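Asks: Quick one: the structure is below, and I'll ask about it shortly.
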Amino acid sequence: KIEKQVKTLKENPAAGFVYCDNDFVDDQGRVTGDYVRKVKLVRGDALLDLFLDHFLMTPAVMLRRECLKKTGLFNEGLRVGEDYDFFLRLAEFYPLEVVEEKLWNRTVIRNSLSRQDYAADARNDLNTLSGFLFRHPDFYRANKRPIVARMAEYYFSFAYRLLEDGHNRVALGHF
């Protein structure tokens, strides 16, 4: 994985970071196809793609050290979703490259931190997306239609999940 990603960065000096595809496996190491998050294979200016679909996963990414000077590190104030915030900042400044191979396995564990509190996860993502739009009004104006669709879908999914969990009043506010 590392060798192929280093080679890709060397061959593409404009790219700030590179990622690869993966398989999702259960706790027994068996490939599972039912995980909701999928990897999307994108090159170049990936900011809109990443905003519309959080497809990057931290173990899949390799970046140039100098990128950290411009983007900063992970936001340690976020309990979850710090990767999404970081990758949006990275894609804001640097083109993306991809190795179109499944070079690692993501183990899906039912009670992992990212699956324990869907509401906290969704709130973090919504705050990340809203904050990004607030800081980048030109990005919003240039991509209004897909951004509005993305945000509407996210709020609807979040509200529906809250409704399923019995939080009717909170869900109503998000609908």
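The values are calculated or read from the model by the stated rules, or taken from the named source; none is laboratory data. Fair warning: this is a prediction, and the values are worked out from it, not measured in the lab. Please note that ligands, DNA and RNA were not included when accessible areas were found on the heavy atoms of the full protein model with its side chains. Shrake-Rupley method; radii C 1.70, N 1.55, O 1.52, S 1.80 Å.
Asks: In whole angstrom, how far apart do the alpha carbon centroids of the stretch 23-74 and the stretch 1-22 sit?
Replies: Spelled out, the Cα-based centre of one part sits 13 Å from the other.
Asks: Same structure, new question: Angle between the Cα long axis of helix 118-135 and the longest principal axis of the chain, 0 to 90 degrees, nearest 10?
Replies: 70 degrees
Asks: I need the phi-derived Karplus couplings for the stretch 158-175: 6.51 cos²θ - 1.76 cosθ + 1.60, θ = phi - 60°, integer Hz, Gly and Pro marked x.
Replies: So the Karplus estimates, Gly and Pro as x, are 4, 4, 4, 5, 4, 4, 4, 8, x, 9, 4, 5, 5, 4, 4, x, 7, 5 Hz.
Asks: Find the accessible area per residue for the stretch 123-175; the probe is 1.4 Å, ligands and nucleic acids are left out, and the unit is Å². Provide the component values of the computation, followed by the final result.
Replies: Values: 3610 Å² over 53 residues.
Result: 68 Å² of accessible area for each residue.
Asks: Still on this structure, I have one more. Could you work out the relative contact order of the chain? I mean the mean sequence separation of Cα pairs under 8 Å and 6+ apart, divided by the number of residues, in percent. Kindly include the intermediate steps, with their values, before the conclusion.
Replies: On the way: 210 pairs, mean separation 47.7, N = 175.
Result for the chain is 27 percent.
Asks: At a 1.4 Å probe, what is the % contribution of carbon and sulfur to the accessible area of the chain? Before the final figure, lay out the partial values.
Replies: Details: 5380 of 10460 Å².
Exposed carbon and sulfur together represent 51 percent of the surface.
Asks: What is the Rg over Rh value, at two decimals, for the stretch 85-175, using alpha-carbon atoms and the Kirkwood definition of Rh?
Replies: Working: Rg = 16.2 Å, Rh = 15.6 Å.
Radius of gyration over Kirkwood radius for the stretch 85-175 works out to 1.03.
Asks: Using the Karplus curve 6.51 cos²θ - 1.76 cosθ + 1.60 with θ = phi - 60°, work out ³J(HN,Hα) for each residue of the stretch 100-107 in order, rounded to whole Hz, and write x for Gly and Pro.
Replies: 7, 9, 7, 9, 7, 10, 9, 7
Asks: At 1.4 Å probe size, with every protein chain present, just tell me what the per residue accessible area of the stretch 12-111 comes to in Å².
Replies: 54 Å²
Asks: Looking at the stretch 1-75, what % of the alpha carbon pairs are farther apart than 17 Å? Write down the numbers at each step before the final one.
Replies: Details: 1514 of 2775 pairs.
Result for the distance tail: 55 percent.
Asks: While we're here: Return the equivalent ellipsoid semi-axes of the stretch 51-108 as a descending list in whole Å, where each equals the square root of 5 times an eigenvalue of the C-alpha gyration tensor.
Replies: On the way: eigenvalues 71, 50, 25 Å².
With the √(5λ) rule applied to the stretch 51-108, the semi-axes are 19, 16, 11 Å.
Asks: Please tell me which of these pairs span more than 29 angstrom C-alpha to C-alpha: Lys10/Lys40; Lys70/Lys144; Lys1/Lys144?
Replies: Details: Lys10/Lys40 22 Å; Lys70/Lys144 26 Å; Lys1/Lys144 37 Å.
Long pairs (Cα-Cα over 29 Å): Lys1/Lys144.
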